[in-house]
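Data block below; observations after.
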Amino acid sequence: MSLSGKSKAVSAAALAVVLTTAACGGSDADASDEPYDPDAPVTLTLGLFGTFDFDNAGLYEEYMELHPNVTIKQNNIAQSAPYYKSLQTRLAAGSGLDDIQGLEIGFIADVVTNHADAFVDFAAEENADELEGNFYDWKWGQASTQDGRVVGLGTDAGPEAMCFRKDMFEAAGLPTDRAELGELWSTWDEYLDVARQYDASPTKPANSSFVDSPASIFSASVYQGETAYNDEDGNPIPAESDGVESAWEYASQAAEEGLTANLSQFGDEWVAAFPNGAFATIACPAWMLGYISSQMGDDGAGLWDVAPLPGSSESAANWGGSWLGVPADGENVEAAKDLVEWLTAPEQQVKLFTRTGHFPSSPQAAEDPEVVGHVDEFFSGAPTGQIFGESAAAIKRTPIGPYDTQIQEAFTTALTDVASSGTDPDEAFQNALEASQQAIGR
């Protein structure tokens, strides 16, 4: 998932970029066997989804000023699911692809497994060592095939922390210092103890819960295991995974004890719950900050803060992030590779974070003083550059597979049953396994 941080509008007049609302493939340059001329006029199309914010950060404008021969067109679909369905159709047809295609964490494993040959192999480039060095090893690895092909270069990442409502904590008599909370809930068991204190407080805000959803706990903690949904070869193993086992234990406890608001994440009720104060904490990848601030509006400034994620001292977690891939049979492959390398270079990742809130997938960018020293005034002056940087540095590569989204949905649905219908956690776990097997055709 690649969700927006704090977008900054860039006037249409300032950008020679054409934005459309539906992906349309192909470039208006003619395919040619002539040697690549980096100064020849070329129009490059980017097929993206959601909000990558290259336009809002002014990066297209900057690139076109550096390369007056280049015109950039961005074709955008709002949601990643219909975007990827369209991309799969075009990959199967072998036509209609843009010069550059966005690849999201939810379907990068499918591309690596089933469509790697359709994309340029960045590991085969002359500067491959330099490119690899620009990214966290887990980010580079997630876009790599078993034989070493790399289908795309990373844009943002989603290192996780825990966002909390200072005013609601204060009302419930809980500490509000982010560092103190990080120590208080250094493990998920301790986080649940704090949740129970909040739930038992007679002064907590009426009709509020400690956490938004059991999925918030499950989705964050599952990637802190040695494995999540797959083994090292990408084979689904939810029944044997240590990450699934521990995440289920924590999330099902919270669901069974009524410690969550049991909201469906990204549903209408969940969206409305932010300004309504329905919950006091939410597992918070870096991109979630932009989501929270957009839902809260200016009146929400200073109500939220950011603390470390439980368990992150031993193993951090990542949720989200994307890549840019170049279709191998495109008409402007060399020019497209140049643009992708530039957009994902550490210097541009620094700009993307400081201007729009997308956290870097590059350690050099994450360690840049502008990133490390970044504070977010909306979130009570939290040192978000430092918090998310420490999280990103502690992430280990957990194997991912083509069915992760479906498996995770099966487990979070089962957790909803525990919370709303009182389904026994053991029964719900078996239901989740059965639903997972159906989703992957086993």
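The values are calculated or read from the model by the stated rules, or taken from the named source; none is laboratory data. None of these values were measured; they are calculated from a predicted model. Quick reminder, even Gly has a Cβ in these numbers, built from the backbone with ideal geometry, and neighbours come from all protein chains shown. Ligands, DNA and RNA are stripped out before the accessible areas are found, and what is left, the full protein with its side chains, is counted by its heavy atoms. Shrake-Rupley method; radii C 1.70, N 1.55, O 1.52, S 1.80 Å.
I need to check one value: relative contact order of the chain, counting alpha carbon pairs closer than 8 Å and at least 6 residues apart, in percent.
That works out to 24 percent.
Could you tell me the ratio Rg/Rh of the range 173-308? Both radii from Cα atoms, Rh via Kirkwood.
Taking Rh as the inverse mean 1/r over Cα pairs, Rg/Rh reads 0.98.
About the Cα centre of the chain, what is the dipole size in debye to 20, counting +1 per Lys and Arg Cβ and -1 per Asp and Glu Cβ, all else neutral?
Value, rounded to 20: 1160 debye.
For the range 383-442, which whole percent of the accessible surface, found with a 1.4 angstrom probe, sits on carbon and sulfur atoms?
The value for the range 383-442 is 41 percent carbon and sulfur by accessible area.
Considering only Cα-Cα distances, which of the following residue pairs are longer than 21 Å: Lys351/Lys396; Lys85/Lys351; Lys166/Lys204?
Pairs exceeding 21 Å: Lys351/Lys396; Lys85/Lys351.
Of the residues Pro236, Pro175, Pro308, which exhibits the maximal mean-square fluctuation in a Gaussian network model of the chain defined by a 10 Å Cα contact cut-off?
Pro175
According to the square roots a ≥ b ≥ c of the eigenvalues of the Cα gyration tensor, what is the shape class of the range 291-421, taking rounded for a/c under 1.5, prolate for a/b larger than b/c otherwise, and oblate for the remainder?
Values: a/c = 1.78, a/b = 1.15, b/c = 1.54.
It is oblate, given that a/c is not under 1.5 and a/b is not larger than b/c.
Please name whichever of Ala439, Thr187, Val306 sits farthest to the positive end of the charge dipole of the chain, dipole taken about the Cα centre and charges placed at Cβ: Lys and Arg +1, Asp and Glu -1.
Value: Val306.
Once the other residues with Cβ under 12 Å from the Cβ of Ala280 are scored (Lys, Arg +1; Asp, Glu -1), what is the net sum?
Overall, the nearby charge balance is -2.
Give the longest segment of the chain that steers clear of GluC sites (Glu not before Pro) in DSSP loops with at most 16 neighbouring Cβ atoms within 10 Å, not counting the sites themselves. Each step should come with its number before you reach the end.
Working: sites that count: Glu125, Glu126, Glu226, Glu232, Glu240, Glu257, Glu314, Glu367.
It works out to 1-124.
For the charge dipole of the chain, defined by +1 on Lys and Arg C-beta atoms and -1 on Asp and Glu C-beta atoms about the Cα centroid, which residue among Ala272, Tyr198, Gly154 has the Cα displaced farthest towards the positive pole?
Ranked along the dipole, the leading option is Ala272.
Could you work out how far the C-alpha centroid of the range 210-233 sits from that of the range 388-412, in angstrom?
7 Å
Would you kindly compute the Cα radius of gyration of the chain and its largest Cα-Cα separation (Dmax), both in Å?
According to the Cα coordinates of the chain, Rg and Dmax are 21.9, 75 Å.
So what's the convex hull volume per residue for the Cα atoms of the range 290-344, in Å³?
That works out to 173 Å³ per residue.
About its Cα centre, how strong a charge dipole does the range 312-360 have in debye, to the nearest 20, once Lys and Arg get +1 and Asp and Glu get -1 at the Cβ?
In debye, rounded to 20, the range 312-360 gives about 300.
One-quarter of the Cα convex hull surface for the range 162-216, in nm²?
Dividing the Cα hull surface by four gives the mean projection, 3.6 nm².
Quick one: putting +1 on the C-beta of Lys and Arg, -1 on the C-beta of Asp and Glu, what dipole do you get for the range 225-379 around its Cα centre, in Debye to the nearest 20?
Around 520 debye, computed over the range 225-379.
Could you look at the range 131-234 and say what percent of its accessible area is carbon and sulfur, using a 1.4 Å probe and all protein chains? Could the numbers behind the result be given before it?
Values: 1580 of 3670 Å².
Solvent-exposed carbon and sulfur of the range 131-234 make up 43 percent of the total.
Which whole number in µm²/s is D for the range 62-118 by Stokes-Einstein, with the Kirkwood Rh taken over Cα pairs at 20 °C and 1.002 mPa s? Spell out each step's value before the answer.
Details: Rh = 13.0 Å.
It diffuses with D of about 165 µm²/s by this estimate.
With the other protein chains left in place, how much accessible area per residue, in square angstrom, belongs to the chain at a 1.4 angstrom probe?
41 Å²
Per the Kirkwood formula on distinct C-alpha pairs, the Rh of the range 75-178 is how many angstrom?
16.4 Å
First select every other residue whose beta carbon is under 15 angstrom from the beta carbon of Ser391; then total the charges, Lys and Arg +1, Asp and Glu -1.
Computed value for this residue: -2.
Find the eigenvalues of the gyration tensor of the Cα atoms of the range 91-238, then list the square roots of 5 times those eigenvalues as equivalent ellipsoid semi-axes, largest first, in whole angstrom.
42, 16, 15
Given a Förster distance of 30 Å, report the FRET efficiency between Ala124 and Arg442 from their Cβ-Cβ distance, rounded to the nearest 0.05. The partial results should precede the final answer.
Working: r = 34 Å, r/R0 = 1.14.
Once rounded, the FRET efficiency stands at 0.30.
Using the Cα centre of the chain as origin and beta-carbon charges of +1 (Lys, Arg) and -1 (Asp, Glu), tell me which of Leu97, Thr227, Thr260 is placed farthest towards the positive end of the dipole.
Farthest towards the positive pole: Thr260.
Calculate the spin-label point distance for Glu347 paired with Glu34, positioning each point 7 Å from the Cα along the beta-carbon direction, and give it in nanometres.
It is 2.9 nm.
Can you work out the FRET efficiency for the pair Asn207 and Asn235, with r the C-beta to C-beta distance and R0 = 51 Å, to the nearest 0.05? Mind dumping the intermediate values first?
Numbers: r = 44 Å, r/R0 = 0.87.
The value I calculate is 0.70.
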